2 protein chains.
Amino acid sequence: MPNGAQALMQTLADAGIEVCFTNPGTSEMHFVAALDDEPRIRAVLTLFEGVATGAADGYARMADAPAATLLHLGAGLGNGLANLHNARKGKVPIVNIVGDHATYHAPLDAQLQSDIETVARNVSPGFVRTSQRTAELCRDAVDAIAAARGLPGQVATLILPADVSWGDGGVPHPPPAEPAPVAADAATITTIAQVLNAGGKAALLLGGRALREPSLLAAARIAAKSGVKLLAEVFPTRLERGAGLPPVERIAYLAELAGVQLAGLEHLILVDAKSPVSFFAYPGKASDLVPAGCTVHTLATPAQDAAASLAALAQALDAEHAPISVQPAQRPGRPRGRLTAEKVCMAVGHLLPEHAILIDEAITSGLMLPRMTAGCPRHDLITLTGGAIGQGLPNAIGAAIACPKRPVLALIGDGTAMYTIQSLWTLAREHLDVTAVIFSNASYSVLNVELERVGAERIGPKARSQLDLSGPRLDFARLAQGMGVHAARADTAEDFVHALEYALAHPGPHLIEALIPESLSGTKRRILPWLLRALPSLPPAVARALKRKLAP
Amino acid sequence: MPNGAQALMQTLADAGIEVCFTNPGTSEMHFVAALDDEPRIRAVLTLFEGVATGAADGYARMADAPAATLLHLGAGLGNGLANLHNARKGKVPIVNIVGDHATYHAPLDAQLQSDIETVARNVSPGFVRTSQRTAELCRDAVDAIAAARGLPGQVATLILPADVSWGDGGVPHPPPAEPAPVAADAATITTIAQVLNAGGKAALLLGGRALREPSLLAAARIAAKSGVKLLAEVFPTRLERGAGLPPVERIAYLAELAGVQLAGLEHLILVDAKSPVSFFAYPGKASDLVPAGCTVHTLATPAQDAAASLAALAQALDAEHAPISVQPAQRPGRPRGRLTAEKVCMAVGHLLPEHAILIDEAITSGLMLPRMTAGCPRHDLITLTGGAIGQGLPNAIGAAIACPKRPVLALIGDGTAMYTIQSLWTLAREHLDVTAVIFSNASYSVLNVELERVGAERIGPKARSQLDLSGPRLDFARLAQGMGVHAARADTAEDFVHALEYALAHPGPHLIEALIPESLSGTKRRILPWLLRALPSLPPAVARALKRKLAP
């Protein structure tokens, strides 16, 4: 008869879980030992739990199935929390397994004892369970798997005490039923069709799984027939885009610019998305981005089938065969001269391979990325769903493991990269075909903007120093080499293009450190028209600050 | 009238808080801006929150006063949780400030919104408060400071919504009263004096602040008079030791060895310590280390004044002038030949400067460190109080800032170092006189031992690979150079001694990567006698495994 860990391993594999991202300790040793009993599960070691959880997130986004994690007690869960948060906000399924002391050891309050459940509730509000008996462990695991891959997807946390794991009498349990998503009901479809037929200014706000091809095509037909605008949530979990697919306009991060995008709307129709709010609050500014007088409707909640709901709406509008407009194929030219953030984005657009997985955690440096890659061959875009930086490099691990035949390109800010820089070691260890581009501007650049936006008026040297990463300047090529990853540095566009061509042509992983000046200066010229449209709606101090930045 | 953040800054400074370890985001920008209004507070930027919290921990251990942290929402708190856990277990005071969304923004469930309080309860069970109004912020802060530096010390978490921070009408608040610790009552002293006078086999188990000089001297007088054995908790928060101080024997990490240390005791007397339990649970073995028939007494709880209680006990025993035995001055010789973990510890003992701060997170590689440094000049030893690895490098930052004139030597395992490797950047940025020694054996070596100890019988290649860091091998010298820290590698004892001499003679920071074979092999010879004593008490499989490792 198997022990708890062995039965659990079989149960996970029977339910289709193929990968476990780990950072184990003593209390997980029986789980680790059981890995060799189950050839269907791949174990991927990480040096830091935030890498494990972010890899599980990236994996599930691309595999459309959860991976498992293996973390060590409350401290390990804490280390993994930020990327579990990003998964939660992206409605990404993860079976989050946290080892714990033996049940009888916990009351003794040993050094590593802490209240794991209280931490887990932050990221797993829908499912936290400490398994109490070996005989029930696999039933608990199946409940966790069912919760994780339900609709919407979620992080389900299963806490696994060491004695439940090592105990005799594990009983493998059959997999849970597949979730059966339901489309919007007929009354909702009828109401929204009437709204669109009435001809007011309206937009469909697509999020979650509504940013995949079937939904995008249905939405484009609806738009072709009704004139409704297509918007995407600001930070998509996974957006299918590129030449041949209908383009959607992402809501801007800057609330001031989002206000411009949403101005004048009379109807906003949510499809697996939430009503838009600003990322942060700013003194004297509204946090709710829905303009006054705009009615918000819900076509499909995240618990419903967005694609089927959109198809039904298209049918109700007699738009099933409407000719859709799609993104034409086009790429920017080859950049030249001194490297800037914009030229990095241009080079990416110039070279992005077909079916690439593009991970954007470039923060301010990625401002031009959507435009530069819009007409590239079809690709998937993964973004920072929960705002907890340090997601991109771990996501790249998971995406590359989910899709071993697709190139992965991760664009990461320098400050951001340092939260989970240990990812590079796992990239090397697993020989993953990932190219990481680090935008090295030696600054928490976004905070220089935010410092002004929040109206902090007198900004002294101590405050400035909190946003400055230039002393000492990080050398990412050395960091990569120290973890076994091939690396290059570039400060000209020519060198960068050369390094990117090399990386895309040779098996990964690779890291390219793009040495660029402070981001906003490099992108001034291109974002000028868009920003200028926004200026009248901005508070005078922000408008002045932006104008200063935008001055040629 | 100051805004909330400005008033808070003044209140912190008035209460004696001199340092804030930060990793801020947008919601903390007013706090950041207020730093320039308060010259008494030094702001130390970190690249990762676990570095900030571990630095605050190390600072408070050496300064005997709390620092503040500045973290960014629930995700930032998560990243900082592991080292806050270590501080909690070490009863170390920290004023843990976590920025949050504006109060009115929170209900909108923006991307970074999460339940911060639930996470904070894991490390701050005694004090978590979300400040609700600018006018009350400083009162809340003073309550947090009072809670943090009470007896025992604790992590007090103050959650600071952005609008409470930026709001007008901050009211600075005077500092809280100093805590007034109370010694054990007369009845307790009398009872314990009777126990010691009765002459049974007894030990004083010293922990927390009872490991500082005044307590150690009193305990040594008691021992001289009564014959009581002096033990220290397994992982001291801060242990004052070296030539001229009374030596105490730390309880071993391995429960099997601790059992040998405690065998035959009839009375165990706790002094600011908890009754000993094994670090982890193991199948078929007791977690409670107190031997059968031994009575546990409490002389002083962590909430009481240990030094005064020990002094009173010494008086009751008429031991105030008993001649104490102290550690004689002695150092190991200069090691030679191929480098091993033991030779690193020998070199440290050979060279440790007076008044050094020694941070031991070397895990298996540090097995010989206590013996090799016992007779060194007086120094402080800081250890891994909560078992959440990744403490040592951040602790070094805080210790060096608390004691700028004292050399800091941090001995860190390679797996361990990677959890908070970002610490190196802050060491360089702040020009701290720290020498970090990394024991590079390319293995989670302790887990190889643990895998056998927990009785995982069949250990296959997938399990072994989860403990193996050799593919690719980390290059810590490059990692250090990538973050601006001077680094050297050594694989001979001669090179290591040379590198350590250089580091101790030149302003830091420095990193020395000690390339060593798997740890236990290097220490076999020296620990053999001790382990052999323990063998009869071990389960046969563990004894066999140990014997295999110990075979010449």
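The values are calculated or read from the model by the stated rules, or taken from the named source; none is laboratory data. This structure is a prediction, so every number in the text was calculated from the model and none was measured. Positions of Cβ are backbone-derived with ideal geometry, glycine not excepted, and every protein chain shown enters the neighbour counts.
Residue check: is A:Gly392 in contact with a helix residue (DSSP H, G or I) (Cβ under 9 Å, 6 or more places away or on another chain) and buried (at least 24 other Cβ atoms within 10 Å of the Cβ)? In short, yes.
Going through (1) within 10 Å of chain B (Cβ to nearest Cβ); (2) closer than 26 Å to A:Leu211 by Cα one by one, A:His72 falls short only on (2).
Output yes when any residue across the stretch B:476-492 is among the basic types (Lys, Arg) and assigned to a helix (DSSP H, G or I), and no when none is. Taking every residue of the stretch B:476-492 in turn, at least one turns out to be among the basic types (Lys, Arg) and assigned to a helix (DSSP H, G or I). Going through (1) facing another protein chain (nearest Cβ under 10 Å); (2) over 18 Å from B:Ala141 (Cβ atoms); (3) not hydrophobic (A, V, I, L, M, F, W, C) one by one, B:His30 falls short only on (2).
Of all the listed residues (A:Ala60, A:Ala52), the sole one being over 22 Å from A:Thr26 (Cα atoms) and either of a type in the set (Lys, Arg) or more than 9 Å from chain B (Cβ to nearest Cβ) (or both) is A:Ala60.
Each residue in the stretch A:292-316 was checked for being part of a loop (DSSP other than H, G, I, E, B) and among the aliphatic types (A, V, I, L, M), and 2 of them qualify.
For the stretch A:442-452, the tally of residues that are more than 30 Å from B:Gly482 (Cβ to Cβ) and at the interface with another protein chain (Cβ under 8 Å from one of its Cβ atoms) stands at 0. Scanning the stretch A:36-76 for residues that are at negative phi and assigned to a helix (DSSP H, G or I) yields a count of 20. One residue stands out in the stretch B:474-506 among those that are of a type in the set (D, E, K, R) and touching a helix residue (DSSP H, G or I) at 6+ places or on another chain (Cβ under 9 Å): the one that is farthest from the other protein chains (Cβ to nearest Cβ), namely B:Glu501.
Using the structure shown, decide if A:Ala417 is over 14 Å from the mean Cα position of the chain (by Cα), of a type in the set (Gly, Ala, Ser), farther than 28 Å from A:Gln330 by Cβ and surrounded by fewer than 24 Cβ atoms within 10 Å (Cβ to Cβ). For A:Ala417, the condition - over 14 Å from the mean Cα position of the chain (by Cα), of a type in the set (Gly, Ala, Ser), farther than 28 Å from A:Gln330 by Cβ and surrounded by fewer than 24 Cβ atoms within 10 Å (Cβ to Cβ) - is not met.
Of all residues in the stretch A:1-46, those satisfying the criterion of being in contact with a Ser or Thr (Cβ under 6 Å, 6 or more places away or on another chain) and within 15 Å of B:Leu467 (Cβ to Cβ) are A:Asn23, A:His30, A:Phe31, A:Ala43, A:Leu45, A:Thr46.
Which one is nearest to the chain's Cα centre (by Cα) among residues in the stretch A:461-475 that are small (Gly, Ala, Ser) and either in a loop (DSSP other than H, G, I, E, B) or outside the structural domain of A:Gly415 (by TED's automatic domain parsing) (or both)? This residue is A:Ser470. Scanning for something closer than 19 Å to A:Pro66 by Cβ and more than 7 Å from chain B (Cβ to nearest Cβ), does the stretch A:101-119 turn up at least one residue? Taking every residue of the stretch A:101-119 in turn, none turns out to be closer than 19 Å to A:Pro66 by Cβ and more than 7 Å from chain B (Cβ to nearest Cβ). Restricting the stretch A:262-301 to residues that are hydroxyl-bearing (Ser, Thr, Tyr) and crowded, with 17+ Cβ neighbours inside 10 Å, the residue that is nearest to the other protein chains (Cβ to nearest Cβ) is A:Ser287. Exactly one residue out of A:Leu81, A:Leu108 is within 28 Å of A:Ala400 (Cα to Cα) and outside the structural domain of A:Arg212 (by TED's automatic domain parsing), and it is A:Leu81.
Need a quick list: helices (runs of 4 or more DSSP H) entirely within the stretch A:80-176 having at least 2 residues that are surrounded by fewer than 23 Cβ atoms within 10 Å (Cβ to Cβ) and touching a helix residue (DSSP H, G or I) at 6+ places or on another chain (Cβ under 7 Å). Once the helices (runs of 4 or more DSSP H) in the stretch A:80-176 are filtered for at least 2 residues that are surrounded by fewer than 23 Cβ atoms within 10 Å (Cβ to Cβ) and touching a helix residue (DSSP H, G or I) at 6+ places or on another chain (Cβ under 7 Å), what remains is A:116-123.
This table checks each residue for (1) more than 30 Å from B:Ala399 (Cα to Cα); (2) in a strand (DSSP E or B); (3) outside the structural domain of B:Ala399 (by TED's automatic domain parsing); (4) not charged (D, E, K, R).
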{"position": "B:Leu230", "(1), (2), (3), (4)": "no, yes, yes, yes"}
{"position": "B:Ala258", "(1), (2), (3), (4)": "no, no, yes, yes"}
{"position": "B:Ile269", "(1), (2), (3), (4)": "yes, yes, yes, yes"}
{"position": "B:Ala273", "(1), (2), (3), (4)": "no, no, yes, yes"}
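Taking the residues in the stretch B:181-199 that are surrounded by fewer than 14 Cβ atoms within 10 Å (Cβ to Cβ) and in a loop (DSSP other than H, G, I, E, B) as candidates, determine which candidate is farthest from the chain's Cα centre (by Cα). That would be B:Gly199. Selection of the stretch A:213-232 for residues being surrounded by fewer than 21 Cβ atoms within 10 Å (Cβ to Cβ) and not small (Gly, Ala, Ser) yields A:Glu213, A:Pro214, A:Leu217, A:Lys225, A:Lys229, A:Leu230.
The rows are residues; the columns are (1) over 22 Å from A:Leu211 (Cα atoms); (2) of a type in the set (Asp, Glu); (3) modelled with pLDDT of 95 or more.
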position	(1), (2), (3)
A:Ala307	no, no, yes
A:Ala311	no, no, yes
A:Ala319	no, no, yes
A:Ser325	no, no, no
A:Pro328	no, no, yes
A:Pro332	yes, no, yes
A:Pro335	yes, no, yes
A:Leu339	yes, no, yes
A:Val344	yes, no, yes
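Just to check your reading of the model, which residue among A:Asp143, A:Asp168, A:Asp185 is farther than 22 Å from A:Thr237 by Cβ, modelled with pLDDT of 95 or more and within 14 Å of another protein chain (Cβ to nearest Cβ)? Only one candidate qualifies: A:Asp168.
Among the residues of the stretch A:316-350, write down those that are among the hydrophobic types (A, V, I, L, M, F, W, C), under 28 Å from A:Asp433 (Cβ atoms) and buried (at least 20 other Cβ atoms within 10 Å of the Cβ).
Hits for the stretch A:316-350 are A:Leu339, A:Ala341, A:Val344, A:Cys345, A:Met346, A:Ala347, A:Val348.
Just so you know, in the stretch B:1-19 the residues that are under 24 Å from the mean Cα position of the chain (by Cα) and touching a residue at least 60 places away in the same chain (Cβ under 8 Å) include one that is nearest to the other protein chains (Cβ to nearest Cβ), and it is B:Val19.
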